[in-house]
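Nothing in this text is a laboratory measurement; each read-out follows from the coordinates by a stated rule. Please read these numbers as outputs of a predicted model, since none were measured by experiment. Neighbour counts are summed over all protein chains in view; Cβ atoms, including those assigned to glycine, are modelled from backbone coordinates with ideal geometry.
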Amino acid sequence: MIFAILTALLWSVSTIASARTAKLLGAARANAARLAVAVVLLAGWIACIRGFTWQGAGWWFVASGVIGLGLGDIALFNAYSRLGARLPALFTSCLAAPLGATLEWAWLGTPLHLAEVLFIVVIIAGVVLALTPDRHALRHDRAFLAGCGFGVMSACGLAVSAVLSRHGFALAHATGTPISGVDAALIRNLGGLALCLAWLPLTTAVTPPPKARALLPWLALTALAGPAIGVTCYQLALAELKVGVAQSVIALVPLLVIPLAWAIDGDRPRKRVWAGVALGVSGVVGMVLTR
């Protein structure tokens, strides 16, 4: 459980840094750049410690990266461009946990216990309370509906990639060749980077080259907190926790971003948002205590 909580904390920091990096580089280039930096950092760490070994289960982590860090993130950034930040975060946070839990149960035969289901509902209720926009923010034009579709695709990508990682860990354990969280993170990032680089020439957005002094701190922070250390903690969480449990804890990310955005950008939340944050955190606390 500690790795799932660490993932949520790290990814909330990465979200703020990613937003700054995307403004400077453009969304597609920023995503590819942070994955490339993370791959270099993880590969260097593994080479210094013990060396990298490839195993048959590695292909499941490649697929997890292609779907989660590749297709999922591409869909998420397309949702951001049409809906802003709040609704895509709502879609991803609320749908990834139940979708992942259902897929894991159907494919791997791992059901959730009643207490886990109840606390997942509490966490998702907190996310809904905090992130649901006012009625005047909802539209019915084509761009809005397309953004909603991309938000659902992002949640599906996150759910499917989590189950693929779970299957990869199970297969590695069954064959007597367990894989570490760092190795799994590196392989997953490689899969995501490959798809992002293939997608990059298809993007049309062009941004002027930013100053290195403005870009490098944010790029380093999003790479470390997101696909490097964050994804490593995520893989370690999936090695031990059911997908529904892990994803419900990680659903706290947009809630944890709220106080960070207030501290950094001065975006002061309303009382309803704080109530949602409190409800979501209480659900995670209950989940930890029951385990």
(request) For the range 156-180, name all the residues that are in contact (Cβ under 8 Å) with a residue 60 or more places away in the chain, under 12 Å from residue 239 (Cβ atoms) and out of contact with any Phe, Trp or Tyr (no Cβ under 8 Å at 6 or more places or on another chain). (result) 162, 166, 169, 170, 172
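So that you can scan it fast, the table gives a plain yes or no per residue for (1) assigned to a helix (DSSP H, G or I); (2) under 20 Å from the mean Cα position of the chain (by Cα); (3) under 22 Å from residue 16 (Cβ atoms); (4) among the basic types (Lys, Arg):
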| site | (1), (2), (3), (4) |
| --- | --- |
| 244 | yes, yes, no, no |
| 247 | yes, yes, yes, no |
| 258 | yes, yes, yes, no |
| 261 | yes, yes, yes, no |
| 272 | yes, no, yes, yes |
| 277 | yes, yes, yes, no |
| 285 | yes, no, no, no |
(message) Let me confirm something: among 32, 38, 43, which residue is in contact with a Cys (Cβ under 9 Å, 6 or more places away or on another chain), under 20 Å from residue 186 (Cβ atoms) and assigned to a helix (DSSP H, G or I)?
(response) 32
(message) Conditions first: (1) within 18 Å of the chain's Cα centre (by Cα); (2) in a loop (DSSP other than H, G, I, E, B). Residue 254 passes all but one, so which condition is the exception?
(response) (2)
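Residues checked against (1) closer than 25 Å to residue 69 by Cα; (2) among the polar types (S, T, N, Q); (3) in contact with a helix residue (DSSP H, G or I) (Cβ under 8 Å, 6 or more places away or on another chain):
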{"site": "90", "(1), (2), (3)": "yes, no, yes"}
{"site": "97", "(1), (2), (3)": "yes, no, yes"}
{"site": "114", "(1), (2), (3)": "no, no, no"}
{"site": "125", "(1), (2), (3)": "no, no, yes"}
(message) Can you pull out every residue in the range 155-207 that is in a loop (DSSP other than H, G, I, E, B), within 27 Å of residue 49 (Cβ to Cβ) and of a type in the set (Ser, Thr, Tyr)?
(response) 175, 177, 180
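Tell me which residues, restricted to the range 99-112, are small (Gly, Ala, Ser) and either in a helix (DSSP H, G or I) or in contact with a helix residue (DSSP H, G or I) (Cβ under 7 Å, 6 or more places away or on another chain) (or both). Lay out the reasoning, then the answer.
Restricting attention to the range 99-112, the residues satisfying the condition of being small (Gly, Ala, Ser) are 100-101, 106, 109.
Scanning the range 99-112 gives 100, 101, 106.
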